[in-house]
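In what follows, a single structure is set out as structure tokens and then discussed.
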Amino acid sequence: MVRFLYDDDAEAQALLAANGVELVAVSQIHEQLAVHRVLAASEADVRADVVLTAPDDADADTGNGVWHVNAQHEAHTVLEGVGLIEFWCADRPVAAVLEPGDIMLVKGAEHRYRPLTDQRWLIRYSGGPEASLTATETGRVSEPWPVVTFD
């Protein structure tokens, strides 16, 4: 289940929705119904089953750890592991911990991501067969990552 840091769940979801993002759990909605909220039926197939490794501290602000916007709409499902995602909403980040069974739906929102443990994802995104999930760095300066404690 998605765990928001620093915000109450309703406030966080409202901020995210205003920026083209929805974070839901498979236990709340059928996975394909969620995916179809951002992707056409012809785009809803899994394009990759990947394991994202937790970075060394020195690598935390590279790759997906840099503030960026992807060219394609995204619908990803977490299968294993724990990660931290931040979305830029208005004038501040909204942070959440993503765990197995969480689905991330994104329509062009600025974000950065950091696996806290090795994490397995099913990756889906818009565009035809030749499309790639192209990220463009936004130039936003990275502040320190939020501290996450495991219960």
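If you go through region 116-135 and keep only what is of a type outside the set (A, V, I, L, M) and over 24 Å from Ala44 (Cβ atoms), you end up with Thr117, Asp118. Checked against (1) touching a His at 6+ places or on another chain (Cβ under 9 Å); (2) within 17 Å of Leu84 (Cα to Cα); (3) part of a loop (DSSP other than H, G, I, E, B), Gly108 passes all but condition (2). Here Thr149 meets the list (1) free of Cβ contacts under 8 Å to residues at least 12 places away in the same chain; (2) part of a strand (DSSP E or B) almost entirely, failing just condition (2). Just wondering, is there one or more residues in region 15-36 that are over 25 Å from Thr117 (Cα atoms) and in a strand (DSSP E or B)? No: region 15-36 contains no residue that is over 25 Å from Thr117 (Cα atoms) and in a strand (DSSP E or B).
Report whether or not Arg3 is in contact with a helix residue (DSSP H, G or I) (Cβ under 6 Å, 6 or more places away or on another chain), surrounded by 15 or more Cβ atoms within 10 Å (Cβ to Cβ) and charged (D, E, K, R). Considered against the rule, which asks whether it is in contact with a helix residue (DSSP H, G or I) (Cβ under 6 Å, 6 or more places away or on another chain), surrounded by 15 or more Cβ atoms within 10 Å (Cβ to Cβ) and charged (D, E, K, R), Arg3 comes out as no. Close Cβ contacts (under 9 Å, 6 or more residues apart or on different chains) running from residues in region 51-74 that are polar (S, T, N, Q) to residues that are at pLDDT 90 or above and part of a helix (DSSP H, G or I) comprise Gln72/Glu43. If I ask for residues that are open to solvent by less than 30 Å² (accessible area, probe 1.4 Å) and more than 16 Å from the chain's Cα centre (by Cα), which ones from region 30-54 would you list? Ala44, the sole residue that qualifies. Apart from one condition, Asn19 fits all of (1) touching a Pro at 6+ places or on another chain (Cβ under 9 Å); (2) touching a residue at least 40 places away in the same chain (Cβ under 8 Å); (3) open to solvent by less than 80 Å² (accessible area, probe 1.4 Å); the exception is (1).
Considering region 55-97 alone, what residues qualify as being open to solvent by less than 50 Å² (accessible area, probe 1.4 Å), β-branched (Val, Ile, Thr) and over 17 Å from Glu31 (Cβ atoms)? Before you say what the answer is, go through the steps one by one.
Here is the first cut: in region 55-97, the residues open to solvent by less than 50 Å² (accessible area, probe 1.4 Å) are 55, 60, 65-70, 72, 74-78, 81-87, 89, 93-97.
With the extra rule that they be β-branched (Val, Ile, Thr), the set shrinks to 66, 69, 77-78, 82, 85, 94, 97.
Val66, Val69, Val82, Ile85, Val94, Val97, listed by residue number.
Do you know which of the residues in region 120-151 that are charged (D, E, K, R) and modelled with pLDDT under 90 is farthest from Trp88 (Cα to Cα)? Spell out the reasoning first.
Within region 120-151, the first condition is being charged (D, E, K, R), and the residues that meet it are 120, 124, 130, 137, 140, 143, 151.
Cutting the leftovers down to modelled with pLDDT under 90 gives us 130, 151.
On the way: Glu130: 29, Asp151: 26 Å.
In this case the residue turns out to be Glu130.
Name the single residue, out of those in region 58-101 being in contact with an Asp or Glu (Cβ under 7 Å, 6 or more places away or on another chain) and in a loop (DSSP other than H, G, I, E, B), that is farthest from Asp8 (Cα to Cα). Across region 58-101, the extreme among qualifying residues is Val66.
The values are calculated or read from the model by the stated rules, or taken from the named source; none is laboratory data. None of these values were measured; they are calculated from a predicted model. All Cβ positions, even for glycine, are placed from backbone atoms using ideal geometry, and neighbour counts span all protein chains on display. For accessibility, only protein heavy atoms count, side chains too; no ligands or nucleic acids. Shrake-Rupley method; radii C 1.70, N 1.55, O 1.52, S 1.80 Å.
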